[in-house]
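Have a look at the structure below before the remarks.
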Amino acid sequence: MGWWLAAAAWAAEPESAAADPAAAGDVAPETAPPAWRRSVGGHGSEVLRIRWYDSPDSLQDRVADPILEAELAESVLDYVEVVNRINLAGGSQAVTLSLQLDAVTLLSNAYKLDGALVQERDLLQPELSSFSPNALISLEKVSLEARPGPARVVVGDGYVALGRGLALNVVKNTDIDIDTSLLGLQGTVQLGDWELLAAGGLTNPQQVALENPNFSLAANDGHAVSALRVARYALGPANLSAHGALFQLADQTGLSPSHYSAPLSAASAGGAVELMGVGGFDVYLEGDGFFYQDPDIPVKQGYAVYSSITTWRGPLSILVEGKRYKDTERINVASFTGGRYEFTAGPTLEYERVITEDSAAAVNSNNIYGGRAKVDVTLPGATLTVPSLALGVFRDEETAASGGLHFNQTPETILHPVAGFQWTGGPTHILANAGYRQDIRDSDYGSDRLEHLDVAFATPILGHELELAINSSAFQWGKNLAGQVASAQHDFVDLSGSITASILEPLALVLYSDYSSNPLVTSEGNLAEDFYGAVELQFRPWPSGVIKAFYGAYRAGIRCAGGQCRNLPGFDGARVTFDSTF
Amino acid sequence: MSLLRSFAALLVLVIAPLAWAAVAPDFTLRDINSKSVSLSELRKNNKIVLVNFWATWCNPCQVEMPHLQALHAELGSQGLAVVGIATDDARSSSMVKPLVYSKKLSYPVLLDTQSSVVSLYNPNKVLPFTVLINSAGEMVYSHSGYNAGDEVELRTKVLAALGTP
């Protein structure tokens, strides 16, 4: 690691010394590099995480909480986890070879009992071999990309999405620590106004998590996916496209051909029409059909329709979206691998910052329709002031009885207005959103209700930047009968906040606090049962590098991004992180 | 001996990217009006290019945008091409154009719905992420995140790359 730190610092040095006009007191023209350096080259990034997990003191307490016990893989003792990710890319402007090397090590993960060495947590599942039970080094992604003229060809790990992601959406979702690629072959070619995309490969989810605890790492499941898309752009004001994807789920991990002896598991096919600027409107309409053959999927067909209309009228910017999804999540459930990815993820139209255990069911519903309208108003002035108003209305007809994630047994109507305000462009900025969501049940089952507010505010004080971020929500349950543990359905309040003070550039101090009275949250506070606190020191040695030292705890919780939701564990302990590009 | 070889290999791995210039890989994406735009086109006439990766859900990205627009307005005619790359995946790409309009951005904004360009430049998808590419096609400056005042340093770097006092 020291090598990389030193190398990154060395890489930054010439730039800051020679090309930083502020340091030189003048602006110096850029010095042209020698010709040999212009044709080929490389760059990369380095990410390091060192996490010390502070386990609760009492074994008895842990055993008494089966949810927490399962979440943390029955760990009792403190341990240290080191994760290192190196990305390198090299080549010319037309050809790039990229690789990602991941490494994880667990330290203090063993003890002796009756003379026998016991590994407290299993970092690896038995089918995943490594030189040590407490370490894994993985060449996670490799790709060779060539861009000859109007074409782009990728051999190795690539990403592909069709339409608005309804038919296929295998892309990076690092916001929730998911990075699944297709390991295979992918090509795109533009011929005039025509564009053709073809891709085929095996799913390659990242094995080593960057931001979450690593344990029970499994071999890749390698589902086979192929995709085709043909698009015709600029046909008058219209863009037309047709696309399809084939899925063959592997029933075992690994890459043996015998895993793919079963018939095709599923297929999706559809098309989209896009009209640009017709009467001052942009219109997008997509329809997709889903066809299932996998015996584990209880239905044979599904469909999805999505549409958006966008227009701009003076200071108004208006977006109206509508969706109808019926049995579109079946392939995701059938291939479910610990939430590591989803094949299909269409627009949810949800405000994903405040998804709860309850509303996650609507995100993943197999029988939902509705829409959302959002209006932004750009006010005149030197700074950029944009208030906004959004209203989402959905009808979710999936219930617990039909196999969905819902806690309720009746369909529900969802109303969700959100008001926003942004003030940016000056030394002080505010970004705020507030909303009230109701999941109104049919008959007399009442409604689940959520009030939420998030605010990001920053202003200079005495020459130092001070930033405040607050997220708060209060949730009240309706009547839920679907076998849900009644004690878990207590109304709750979630609060989280942070204060960042740029005390002495390039140093910043951050104070975090979390509070949650949600009994479904599987973590425990470090300050009190429901109360978490942490402090972090950030140091930015160069513009693309940051070192952070964190001590304290934050809570577990559900987090959604990119149409996918994950139950992320909490954290209690200390960690040092380093991120940089070079 | 094998240890020595491993050490030498690691050293080569470290030194190689540093000894070479950070060549900016070419890319082609559709903009918010479905027009195909490539880096090589943006670099025509010896322009330097400021590539800014962002997403509709990213708050710091939205705080940074007015400053990039100001740079574009001030230095666009002096050889600077600012381009935004929205890293929203396909499902939220409908939200990009309304945001561009409400923020009054006049520089081109491209859609990387398949993670193809972000994988090359910013594989960990840290946002916002800004790369300055000089007229020779080399990445001469990169910056992750946004804090107040970063725009001052960015402007200085752009001026240096333009050779403008």
Original post:
For region B:33-131, which helices (runs of 4 or more DSSP H) that fit wholly inside it have 3 or more residues that are of a type outside the set (Gly, Ala, Ser) and farther than 27 Å from residue A:381 by Cβ?
Top reply: B:39-42, B:116-121
**OP:** For region A:426-444, indicate whether the set of residues that are assigned to a loop (DSSP other than H, G, I, E, B) and crowded, with 18+ Cβ neighbours inside 10 Å is non-empty.
**Re:** no
Original post:
Quick one: what pairs do we get from region B:137-157, first residue more than 21 Å from residue A:90 (Cβ to Cβ), second among the acidic types (Asp, Glu) and part of a strand (DSSP E or B), C-beta under 8 Å, 6+ apart or different chains?
Top reply: B:147/A:465; B:148/A:465; B:149/A:465
Original post:
Yes or no: residue B:103 among the basic types (Lys, Arg) and out of contact with any Phe, Trp or Tyr (no Cβ under 9 Å at 6 or more places or on another chain)?
Top reply: yes
**OP:** Within region A:511-525, identify whether any single residue is of a type in the set (Val, Ile, Thr), modelled with pLDDT of 85 or more and under 26 Å from the mean Cα position of the chain (by Cα), and answer yes or no.
**Re:** no
Subject >> Checking residue A:108 against (1) modelled with pLDDT of 85 or more; (2) surrounded by 16 or more Cβ atoms within 10 Å (Cβ to Cβ), the condition it does not meet >> reply: (2)
Original post:
Does residue B:113 fit the bill of being facing another protein chain (nearest Cβ under 7 Å) and surrounded by 23 or more Cβ atoms within 10 Å (Cβ to Cβ)?
Top reply: yes
Original post:
In region B:14-36, is there at least one residue being more than 8 Å from every other protein chain (Cβ to nearest Cβ), closer than 20 Å to residue B:124 by Cβ and at pLDDT 85 or above?
Top reply: yes
Original post:
Considering region B:132-165 alone, what residues qualify as being outside any helix (DSSP H, G or I) and closer than 18 Å to residue B:78 by Cβ?
Top reply: B:132, B:133, B:134, B:135, B:136, B:140, B:141, B:163, B:164, B:165
Subject >> Count - residues of region A:94-105 that are surrounded by fewer than 20 Cβ atoms within 10 Å (Cβ to Cβ) and not hydrophobic (A, V, I, L, M, F, W, C) >> reply: 1
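Residue-wise test of (1) touching a helix residue (DSSP H, G or I) at 6+ places or on another chain (Cβ under 8 Å); (2) of a type in the set (A, V, I, L, M); (3) in a strand (DSSP E or B).
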{"site": "A:275", "(1), (2), (3)": "no, yes, yes"}
{"site": "A:283", "(1), (2), (3)": "no, yes, yes"}
{"site": "A:286", "(1), (2), (3)": "no, no, yes"}
{"site": "A:290", "(1), (2), (3)": "yes, no, yes"}
{"site": "A:296", "(1), (2), (3)": "yes, no, no"}
{"site": "A:317", "(1), (2), (3)": "yes, no, yes"}
Original post:
Can you tell me which of A:307, A:335, A:317 is in contact (Cβ under 8 Å) with a residue 12 or more places away in the chain, within 12 Å of chain B (Cβ to nearest Cβ), surrounded by 22 or more Cβ atoms within 10 Å (Cβ to Cβ) and more than 30 Å from residue A:491 (Cα to Cα)?
Top reply: A:317
**OP:** Look through A:415, A:384 and report the one residue that is surrounded by 15 or more Cβ atoms within 10 Å (Cβ to Cβ) and facing chain B (nearest Cβ under 10 Å).
**Re:** A:384
Original post:
From the list A:493, A:485, which one is within 30 Å of residue A:409 (Cα to Cα) and at pLDDT below 80?
Top reply: A:485
Original post:
Quick one: which of B:44, B:104, B:97 is more than 23 Å from residue A:425 (Cβ to Cβ) and either more than 7 Å from chain A (Cβ to nearest Cβ) or of a type in the set (D, E, K, R) (or both)?
Top reply: B:44
**OP:** Residue by residue through region A:327-379, note down the ones that are of a type in the set (Gly, Ala, Ser) and either assigned to a strand (DSSP E or B) or touching a Gly at 6+ places or on another chain (Cβ under 8 Å) (or both).
**Re:** A:345, A:346, A:361, A:365, A:370, A:371, A:373
Subject >> Any chance residue A:336 is of a type outside the set (S, T, N, Q) and at pLDDT 85 or above >> reply: no
**OP:** Quick one: which residue in A:187, A:192, A:244 is surrounded by fewer than 19 Cβ atoms within 10 Å (Cβ to Cβ) and either under 20 Å from the mean Cα position of the chain (by Cα) or modelled with pLDDT of 95 or more (or both)?
**Re:** A:187
**OP:** Pick out, from region A:180-255, the strands (runs of 3 or more DSSP E) lying fully within it that include 2 or more residues that are of a type in the set (S, T, N, Q).
**Re:** A:194-205, A:238-248
**OP:** Looking only at region A:354-373, count how many residues are surrounded by fewer than 20 Cβ atoms within 10 Å (Cβ to Cβ) and either of a type in the set (Phe, Trp, Tyr) or under 25 Å from residue B:105 (Cα atoms) (or both).
**Re:** 2
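The values are calculated or read from the model by the stated rules, or taken from the named source; none is laboratory data. Everything numeric here is computed off the predicted structure, so don't read it as measured data. Note that each Cβ is placed from the backbone with ideal geometry, even for glycine, and that neighbours are counted across all protein chains shown.
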